[in-house]
Each structure stands twice: as structure tokens, then as C-alpha cells.
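Have a look at the structure below, then the notes.
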Ligand SMILES: *Cc1c(COP(=O)(O)O)cnc(C)c1O
């Protein structure tokens, strides 16, 4: 096994997608500068929102390409990372036949998409210390495995997966390996983006939803081999990224300085909050975090969760998740919000 740069991605693609004749509009066939658009049955009034957005999102992709140092043809944009995840299933996984692997506990959308698409999901557990066991993952792979999902930093365990362990998997399989880097900006570890050129079975997911502060506009970025990006693009809704999102994303991506300031402040607050939580008698473990949240093991997690909810503070109860027994997941807020959380928790303390 093992991946070479001449690896043929189309060998992994579903037959119906290989044969697909994608939707195209007259504007796909035209490049130049027209001034009268009578091809798409748009309303001539209410400019500029009367027009359909660019299905190829070229301007936005150019901006992302320059920020991320990636060629344009390696970028797929989705209505959140969630669209990228769903498109991977629809392009690669034959329902009722193929399978995918998730390394649990992890982000629930991989499993939800598997179920919706009628695709078997094989679950491999992280080690007890939340580290990745590449051999356990490789053991679960067979010739029908199309996708392996790794999330680094991982949600909800908040740790970065070891680079060497991820590489063992990427180099050891003939399927696509998706590394979800939604929280990479909060991590000490570097992104795997620089490996994309040499690893043609690597798919990276990043998003504007976390460090960039734009969860509301829904923009997910998927980086992969141009062949795979081509298949994903032929399956997506033609106008999957709307005009308002493109506009706000273009503006938002100018704000790299602001984003870096937010990241720094969130990371500082993360340390402060972790230290404060550790002093509480009912807190057993505050796990080290490389993300913008803390996983905290407590006594009586359900009681703490409901107590906070009654005070209007909503956190996530992960206590029934394998390896996260007794644990709550808390997103880092503003300094003021974190102080209010701590005030509430100190009152709870006997
Ligand atoms: C929050 C999160 C995302 C972001 O999803 P979007 O659809 O881009 O908002 C992706 N992956 C993981 C693991 C997450 O926790």
C-alpha cells in the first residue's frame, strides 16, 4: 500500500459521479465582460442582489489562495465545512457498499453524514490519553474504505493529534484521509496544508466559523488534489455560496490582524479559565487544550450542567461520550463571560 503522487483519484469515485454531466449555465460558457444579462431569467431590478452569484467563487478563492498559499484549483468552498464533508460522501462513497472510519470521540457530523448517505461507519477509539493509534486505524481499513476522518485539534477532546501518527495513516492507505483543522488557529502545532502537494490522498478542512468569527455566514474551506476538487465542484449546488456570504467573507478575510488579536486573547483566557477551574473541588481534570474550548471532568456532570443552564449559561454535556465520562465541554468566552461562569461555579462549590 501507500500513496504516490501519480495516485488516481478517479479510482475512488462513484460510477454515477464519473458519468455525471454537471449543471452548467450560459455564464459558464462566457468569459469576457458583458453588460446585458438576459440568460438566467433574473429580475433586471434590485441590483446587485438580483444576480446569481459566481458558481466558481473565483474572487473569494483567489483571496483564500493568497492567504493560505495554495493554488486556486486545490480549493473547494462549501456552506460550512459540513457541506464539504457531505460532498465527500456523495462523490466517493457508494451507499450500502463502501465504508468510512472515524476516530472517536470526535465531531458528530462525520457519523451523521455517513448515516444520511447510507454508508457504513467504522469507529476506532482514541487511546485513553486521547492520542491517535495509527495501527488501530489501519487495522480497520479494507478495500471498501473510502474516507478516514481525523480531527486535529480534536473536538471534544481538545488535543492536537500527533503528526507522525497522522502521517503513518496518510502514507499507509489507498483512500482519502480527511484532516479537519477547524481549530488549527488555536493550536501550537502547524497545519498539514504544506503537505498537500506531496500527499494526493490528503484532504484538509478549515472554516471561517471559529477563529475568524464568522459562523453566521457559513463558509467552509476544503483543500485537496485538483481532481477531487473538480468532482466535488460538479456535485455541489451550483450557487452554494451566496452573494452576501461572498461579500462578507471578502471583507472579513481582510481582517487578519483582528483575527490574530482574537486568537491571542482567546488563548490567554483559555489558560486563565483552566487555572481557575482547577481550583474548584468538584473539578477532577481540566484537559490540556489546543482549541477554543476546554474539556473538564467533574463530579456530577449532569448536576453542574443543569445548574449552569438554570443560570442562563449553556455549556455542552459530553459525559455520555466514550472516553469523556464525566466531562463537560466549555467554549472560551470573553473575559467578562468567563468571569460570570466562574462566579456561578464558585457559588456551587460546597
Ligand atoms: C465547529 C467545527 C467545524 C465547523 O463547521 P462549519 O460547518 O464550517 O461551521 C468543523 N469541524 C469541527 C470538528 C468543528 O468542531
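Would you mind ranking 340, 87, 38 by Cβ crowding within 10 Å, fewest neighbours first? Working shown, then result.
Values: 340 15, 87 23, 38 9.
Lowest count first: 38, 340, 87.
Tell me what the chain gives for mean residue ellipticity at 222 nm when only DSSP H runs of n ≥ 4 count, each as -39,500 (n - 2.57), the sum divided by the residue total, rounded to 500 deg cm²/dmol.
On the way: 12 runs with 123 residues, N = 350.
Helix contribution divided over all residues of the chain: -10500 deg cm²/dmol.
How much FRET efficiency would the formula 1/(1 + (r/R0)^6) give for residue 73 and residue 242, where r is the Cβ-Cβ distance and R0 is 25 Å, rounded to 0.05?
Numbers: r = 23 Å, r/R0 = 0.90.
Plugging the Cβ-Cβ distance into 1/(1 + (r/R0)^6) gives 0.65.
Comparing 217, 313, 148, which has the greatest mean-square fluctuation in the GNM of the chain with Cα pairs linked when under 10 Å apart?
In the Gaussian network model the winner is 313.
For the chain, with a Gaussian network of springs between Cα atoms less than 10 Å apart, report the residue from 220, 69, 189 with the top mean-square fluctuation.
69
What full-extension length gain, to one decimal in nm, is calculated for residue 325 and residue 59 as 0.36 nm per residue of separation minus the Cα-Cα distance? Could you put the intermediate results ahead of the total?
On the way: separation 266, 0.36 × 266 = 95.76 nm, distance 4.59 nm.
Gain on extension, residue 325 to residue 59, equals 91.2 nm.
Return the single residue from 48, 95, 288 with maximal mean-square fluctuation; model: Gaussian network over the chain, springs between Cα atoms under 10 Å.
48
Cβ neighbours within 10 Å, averaged per peptide: list 158-164, 11-17, 27-33 in order, most packed at the top.
Values: 158-164: 18.6, 11-17: 14.9, 27-33: 9.0.
Packing proxy ranking, top to bottom: 158-164, 11-17, 27-33.
Return the FRET efficiency for the residue pair residue 346, residue 314: r is the Cβ-Cβ distance, R0 is 22 Å, and the value is rounded to the nearest 0.05.
Numbers: r = 19 Å, r/R0 = 0.85.
That pair, residue 346 with residue 314, gives E of 0.75.
Hey, could you get me the Stokes-Einstein D for region 199-335, Kirkwood radius over alpha-carbon pairs, 10 °C and 1.306 mPa s, rounded to whole µm² s⁻¹? Walk me through the intermediate numbers first.
Working: Rh = 17.9 Å.
Roughly 89 µm²/s, to the nearest whole number.
Taking a quarter of the surface of the Cα convex hull of region 7-149, what do you get in nm²? Before the final figure, lay out each step's value.
On the way: hull surface 50.0 nm².
Over every viewing direction, the Cα hull of region 7-149 projects on average to 12.5 nm².
Run the quick spin-label model on residue 250 and residue 29: label points 7 Å from Cα toward the beta carbon, then report their separation in nm to one decimal.
That separation, rounded to one decimal, is 2.7 nm.
Relative to a virtual label point 7 Å from the Cα of residue 7 in the Cα→beta-carbon direction, which members of region 138-160 show backbone nitrogen distances below 18 Å?
The answer is 138-152, whose backbone nitrogens lie closer than 18 Å to the label point.
Along the Cα-to-C-beta direction of residue 36, a point sits 7 Å from the Cα; which residues of region 52-84 have their amide N less than 15 Å from that point?
In region 52-84, the label zone of residue 36 (backbone N under 15 Å from the point 7 Å along Cα→Cβ) covers no residue.
If the chain between residue 66 and residue 268 were fully stretched, how many nm would it gain, using 0.36 nm times the residue separation less the Cα-Cα distance?
Values: separation 202, 0.36 × 202 = 72.72 nm, distance 2.86 nm.
Extra length from residue 66 to residue 268 when fully extended: 69.9 nm.
Whole percent per 5 Å bin, from 0 to the bin with the longest distance: what is P(r) over all C-alpha pairs of region 154-217?
4, 16, 26, 25, 15, 10, 4, 1
How big is the chain by the Kirkwood estimate over distinct Cα pairs, in Å?
Radius from the Kirkwood sum: 21.9 Å.
Determine the gain in length on full extension of the stretch residue 335-residue 260; use 0.36 nm per residue of separation and subtract their C-alpha separation, reporting nm with one decimal. Working shown, then result.
On the way: separation 75, 0.36 × 75 = 27.00 nm, distance 1.68 nm.
Once the chain is fully extended between residue 335 and residue 260, it gains 25.3 nm.
Bear in mind that the values in this text are calculations on the coordinates, not laboratory data. Just so it is clear, the structure is predicted and the values come from calculations on it, not from any experiment. Here Cβ is always computed from backbone atoms with ideal geometry, including for glycine, and neighbour counts include all displayed protein chains.
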